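Working notes, structure below.
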Amino acid sequence: MKYSMKMVIWFLTLLKCTSQSDLNIAIIGGGIGGTSCAYFLKEIFKDLVNLSIYEGNKVGGRLATVIMSDGNEYETGGSVIHQRNNYMFNFVSNLGLQKRKSVFKNERLGLHNGKDFDFIENDNYYVNLMNILWRYGYSVKRLQEFINSMLDKFERIYELQTNSISFDSTYDLLKAMDPSFINYLNISVKDAYMNEEHFSESLITELVQASLRVNYGQNTNVHEFVGSVSMAGMDGSLWSVKGGNKRVAEKLLEKSKAHLVPEYVVQITKNNDSYTLLTNYKKKATYDYVVFAAPLAENQKIPITFSNMPLALNKVGKYHQTVSTLVVGEIKRTKFSPISDGDLLPITIISNNENEFFNSISNVEGVNETGSLNVWKIFSQQPLSNNQIDYLFENISDVKVADWLAYPHYKVPTESQSFHIADRLYHINAIEWVASAMEMSCIGAKNVALLIKKHFYNKELNETTKWSHMEL
């Protein structure tokens, strides 16, 4: 009898869900987080859902590109993907995209201290290995093993999300991967690597510092989790998407069949069981659920007013300014002595000197597999002056600048962040306080999609159960 009753309730729930009006969901932000969330929601709810993505700028968000005077297009934002990033890998495979082939033969890295190079990679694998071991010792091997072990634990999230398991907070999500990950947020990568893992000081002050300077514009005072994610991005197993990584976001938008609203949301008003959005063009629309797929920080570029909320919202920390400057010109080799005339300059130069005006300089390839030895990308904390650009380059024919708040300013300890802003209102970018990366945004997006699924079907089941008691 109990089994029969469950079947009746299940049937009534299914009947009610398939006969009801459409489910309307708004996503604020058209970057990789917002577009992947739309894709996941479409997978879950299929034709039941109507999706709208609000994006006042270009789709792709921080996965931006720019066309230089040589006629080629170059990445200004997120430019590399790790081979173990399952969501990004599957998106490229399933959406008809391709990995970009490298056209540069010289891919050497150089670590600069402001005066000269501490380390330069060698083109010969065995010579390079010997040089690394000579300078950094066996700590390099142990660090590699540590990162691989961490990635093994990290990959548990894919199995959990495949089984529709969702998490209310970043701590809950990390704990499900591995309980030790919580501790990673409460200790700096410098202290963890030196005092707990006993890696060499030179490895931490040079290699780990360099990874954080180029990937996050910060130093080894960040927490251990983001520091380790940064080091995972230095192992060489990286790739990019032909046509630009923004193509993934564009294809996800297309596949989700979401309606793109090219406006900024400036106000979110809570109703009883819905939210009304107001845009910068004074247009209004009401939705059953709202997903916030953008930073919710003290210094966010597009402020949003939250109205009629049950509790006051606390903005979480500040985002870190990163300036990406692309230059078409010739680099002045004299700045980077003692490189002799016959030696190749490293394709990527990372400055570990925090008093230097740049974080890194990279010779960059075009997104469509084009290459020029005279196109460079400089990451810095502040916009570069003309004098600073002239100090590094000569015969300059083009300069383009992208200035944005790229990722959180990380500190220790880092508190748990909720994926809920309020009932029916969710925040994908809470996950960025764990680590900011394309794959992390996709994981946060999948988690929010699963939270909406859980809330929606639990609500429907509760309503249908009450209805079935009345009918039966």
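Please treat every number below as a calculation from the coordinates, not as lab data. What you see is a predicted model; the values in this text were computed from it and never measured. Heads up, the Cβs are rebuilt from the backbone with ideal geometry, glycines too, and the neighbour counts pull from every protein chain shown.
Along the chain, the exposed loop sites are chymotrypsin sites (Phe, Trp or Tyr not before Pro) outside DSSP states H, G, I, E and B with at most 16 other Cβ atoms within 10 Å, and the longest stretch free of them is 139-280. Legend: residue pairs K255/K283; K115/K190; K318/K411; K246/K283; K301/K377, Cα-Cα distance threshold 19 Å; pairs beyond threshold, K255/K283; K115/K190; K246/K283; K301/K377. Close amide-amide hydrogen proximity is noted between S360 and S351, F379, each under 5 Å apart and 5 or more residues distant or on a separate chain (H modeled in the peptide plane; Pro and chain starts excluded). Computed about the Cα centre, the dipole magnitude for the chain is approximately 1440 debye when only Lys and Arg (+1) and Asp and Glu (-1) carry charge, each at its Cβ. Once you order the gyration tensor axes a ≥ b ≥ c over the Cα atoms, which shape class does the stretch 63-204 get: rounded for a/c under 1.5, otherwise prolate or oblate by comparing a/b with b/c? It is oblate, given that a/c is not under 1.5 and a/b is not larger than b/c. Tell me, how many Å apart are the Cα centres for the stretch 349-372 and for the stretch 174-237? When both Cα centres are located, 22 Å separates them. Ellipsoid semi-axes for the stretch 150-239, based on the Cα gyration tensor and the rule √(5λ), read 26, 15, 11 Å when sorted largest first. Ordering F393, S372, A406 by the projection of their Cα atoms onto the charge dipole of the stretch 371-431, which places +1 on the Cβ of Lys and Arg and -1 on the Cβ of Asp and Glu, puts A406 at the extreme positive end. Tell me the angle of helix 139-154 to the major Cα principal axis of the chain, expressed in degrees between 0 and 90 and rounded to the nearest ten. Relative to the chain, helix 139-154 is tipped by roughly 10 degrees. Compared with the dominant principal axis of the Cα atoms in the chain, helix 438-471 is inclined by about 10°. Take every DSSP beta bridge whose two residues both sit in the stretch 175-328; close to 75 percent of them are antiparallel. So what's the gap between the Cα centers of the stretch 80-148 and the stretch 284-320, to the nearest angstrom? The stretch 80-148 and the stretch 284-320 have Cα centres spaced 37 Å from each other. What you get for the stretch 190-295, charging only the Cβ of Lys and Arg (+1) and of Asp and Glu (-1), is a dipole of about 980 debye around the Cα centre. Rg of the Cα atoms in the stretch 276-315, relative to 2.2 N^0.38 Å, amounts to 1.26.
Rounded to whole Å, the principal axis extents of the Cα atoms in the stretch 314-425 read 62, 33, 25, largest first. Note on the stretch 359-413: with charges restricted to the Cβ of Lys and Arg (+1) and Asp and Glu (-1), its dipole about the Cα centre is near 300 debye. Helix 125-136 versus the longest principal axis of the chain: what angle, 0 to 90°, nearest 10, using Cα atoms? Here the helix axis deviates by roughly 90 degrees.
Where both residues lie in the chain, what percent of DSSP beta bridges are antiparallel, nearest 5? Kindly include the intermediate steps, with their values, before the conclusion.
Numbers: 48 of 72 bridges.
Antiparallel bridges: around 65 percent, rounded to the nearest 5.
Other residues with beta-carbon under 13 Å from the beta-carbon of I157 carry, at +1 per Lys or Arg and -1 per Asp or Glu, a net charge of -1.
Couplings 3J(HN,Hα) for the stretch 185-194, derived from phi with the Karplus relation 6.51 cos²θ - 1.76 cosθ + 1.60 (θ = phi - 60°), are 7, 10, 8, 6, 5, 4, 5, 5, 5, 7 Hz, where x marks Gly and Pro.
Judged by the ratio a/c of the largest to the smallest principal axis of the C-alpha gyration tensor, the stretch 230-359 counts as prolate, that ratio being 1.5 or greater while a/b is larger than b/c.
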